[in-house]
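One structure below.
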Amino acid sequence: MSDAGDIPGIPDGPGDPSAGGSAASDIGAQLERTNQLLRRMLAEVAKTPSTHAIFVDAGYVYAAAGLLVAGTEDRRSFDLDAEGLIEAFIDKARTIFADSRLLRVYWYDGARRRIHTSEQQSIAELPDVKVRLGNLNANNQQKGVDSLIRSDLESLARHRAISDAALIGGDEDLVSAVEAAQGYGARVHLWGIEAAEGRNQAEPLLWEVDSQRTFDLDFCKPYVTRRPVTMYEDSGPAPTRDDVRFVGAQIAATWLSSRGRAALAQLLPGHPYLPGPVDQDLLVEAERLLQRSLRGHADLRRALRDGFWQHLQSQY
């Protein structure tokens, strides 16, 4: 029988120094390779900057900035320099997130059938800006915007695309968006616009975020300009009720073609009353077509609404 020492691969004895040295050398080499890999990974992480994005609820911005600067939430009464305001938000983010790079600005707004208005098209063409549209119902109320914000916030945080999110809004429905992003490790910073009285951001939202910041009148004033009020001369004979009723029907036809039958179905249950925003749009457009003020003429305004309703009901 041969000795154990003659069998290949088996050390001559438990105290063979060459075998122990070889095993220690292998382990040492493996540890060095692991350390090299960790050092490379840490170096890559150190070179990769943190990233932030800005999420803007345009409905909140228009209402809050318009009320603060122009004294009204009605978009038709003032112009908002969206490009200038977006750049101001970006500059503020550069200051706050000094060691971070901007991913992009998300601008959330509403539009009929989610079709961009000319103003929204201009905003969408700005560099580093993504316009996301919810819908507008018959009462000019945004629908679906909060869910868009949540979807984007959660997705970007989940994929580690952002480390910080600046959220400009005030609706309590945004709480779930904040929670979703935070659940994936992102920090959410709530930015708001100063309210003339009280608050214009929901308290549960204020409680949930990681930090808060408010922009005052001086910050907002350069970007909001009140539109001049159109004055019509009341010279010449006043239009008849039939004239005004016909104009109401004209406006109803345009309204229906732009908004569709779904909006009509929402409007009809309120007959004979029109929602405030729709009634105001009707009045402004009628005055433009007639080139005459209908303010203070209750009988003519009733005729205008009658013509509007009669056309809508004839199409249902």
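The values are calculated or read from the model by the stated rules, or taken from the named source; none is laboratory data. Owing to the predicted nature of the structure, the values given are computational and were not obtained by experimental measurement. Every residue, glycine among them, receives a Cβ derived from its backbone with ideal geometry; neighbour counts consider all protein chains shown. For the accessible areas, the whole protein counts, side chains as well, though only heavy atoms, and no ligand, DNA or RNA atoms are used. Shrake-Rupley method; radii C 1.70, N 1.55, O 1.52, S 1.80 Å.
Figures for the structure shown
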item	result
Share of carbon and sulfur in the accessible heavy-atom surface of the chain [1.4 Å probe, %]	50 percent
Histogram of C-alpha separations across the chain, 20 Å bin width, %	24, 40, 19, 9, 6, 3, 0
Gain on full stretching of the segment that runs from Ser258 to Gln212 - 0.36 nm per residue minus C-alpha separation	12.6 nm
Prolate/oblate/rounded label for the stretch 159-295 (Cα gyration tensor, a/c 1.5)	prolate
Accessible area expressed per residue, the chain, with surrounding protein chains retained (probe 1.4 Å, Å²)	56 Å²
Sites matching GluC sites (Glu not before Pro) across the stretch 143-212 that sit in DSSP coil, with at most 14 neighbouring C-beta atoms within 10 Å	Glu197
Max mean-square fluctuation residue, GNM over the chain, Cα-Cα springs under 10 Å, options Asn35, Asn135, Asn200	Asn35
By average C-beta atoms within 10 angstrom, highest first, the peptides 88-97, 242-251, 281-290	242-251, 281-290, 88-97
Relative contact order (%) - the chain, alpha-carbon pairs under 8 angstrom, separation at least six	17 percent
The stretch 237-316, Rg to Rh (Cα coordinates; Rh as Kirkwood inverse mean 1/r)	0.95
Cα centroid separation - the stretch 190-204 against the stretch 72-136, whole Å	19 Å
The chain, helix-only ellipticity at 222 nm - DSSP H runs n ≥ 4, -39,500 (n - 2.57), divided by all residues, nearest 500	-15500 deg cm²/dmol
